[in-house]
Structures are given as structure tokens and as C-alpha cells.
1. Using the basic label-point model (7 angstrom from Cα toward the beta carbon), what is the Arg36 to Met1 distance in nanometres?
2. Starting with the highest mean, order 8-21, 78-91 by the number of other Cβ atoms within 10 Å, averaged over the residues of each peptide.
3. According to a simple spin-label model (label point 7 Å from Cα along Cα-to-Cβ), what is the distance in nm between Gln83 and Gln70?
4. If you take the beta carbon distance between Glu10 and Ile90 as r and set R0 to 22 Å, what does 1/(1 + (r/R0)^6) give as a FRET efficiency, to the nearest 0.05?
Amino acid sequence: MRILAIDPGEKRIGIAISDPSGTIASPLMVIRHVSRLVDAATIADVARQNQVELIVIGKSVDEDGLPTPQTRHSDRLAEAIHQQCDIPLIAWDESFSTQAARQAQIEMRTMRKKRSGHLDELAATVILQDYLNSKA
């Protein structure tokens, strides 16, 4: 079962996908934010093209598990995606996914120069792998 994960951002949206067995997450792409409806349509198309059966969307919460300002952005994008396709969609805690992606780059000894820039697709990969690990 292929699963797609989304790390929603205000400028870019990271997308990761699982292998067909649903055990390993890999970065897929980054899309630039245009508008909620355009972004949702793009994500729905990517999901259909990759025969995805589930979409996991990152949802930010604070240390107490309460919603953050980014939570509304994620909820609205999730609703727009739901209107574009009939693929089941679940929210998953994305707290610290960007920091985990940055730490993974450091552990892989990625040169500092190559570590600069966005980490959106890697953050989506962290979100997806966390979800997959919880289901294993």
C-alpha cells in the first residue's frame, strides 16, 4: 500500500511517498505554494499518478499537544485535498520534523554547503517514516 505524506508550509509543500509495501519513506518532491485549491489539485494528481491509498498530512501541535497557528493552515489544506480526491487522509503530528530532517543530514555527513536551503521533502519523509514505524 503506497502512502503519501505532506509537510505543508507557507511557501513550499514537501511530499514524500512510501514504497509499495508501506515500510520505507522516500522524498518525492517539493511544490511551491500557489493557492490552497491549486496546491490541493496538484497533490491529488500526484497521489493518483502514484496509486496512493492513503495521504498523511503533517499537523503542527505545541509541547502540550494543542493546536498552533500552523494547524489551521494544515486543516484547510487537508479539507481542500479531500474535496479534490476520495483518497483517505489522516493528520499526523509533524512537530520537530524539520529539525529531525536537519539532524539526519548532519548524521549522514552531508556537507554544510549542501545542507542549506529548504528541507520540505525531507521533513515530509520524516513525517511519513514516523507514521509507518507506528504501524509496524
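Derivation of every value follows stated rules applied to the coordinates shown; laboratory data play no part. Since the model is a prediction, treat every value here as computed from it, not as a measurement. Glycine also receives a Cβ, built like all others from the backbone with ideal geometry; neighbour counts cover every protein chain displayed.
1. Going from the Arg36 label point to the Met1 one covers 2.8 nm.
2. Values: 8-21: 19.2, 78-91: 15.9.
Final packing ranking: 8-21, 78-91.
3. 2.4 nm
4. Working: r = 22 Å, r/R0 = 0.99.
The computed FRET efficiency comes out at 0.50.
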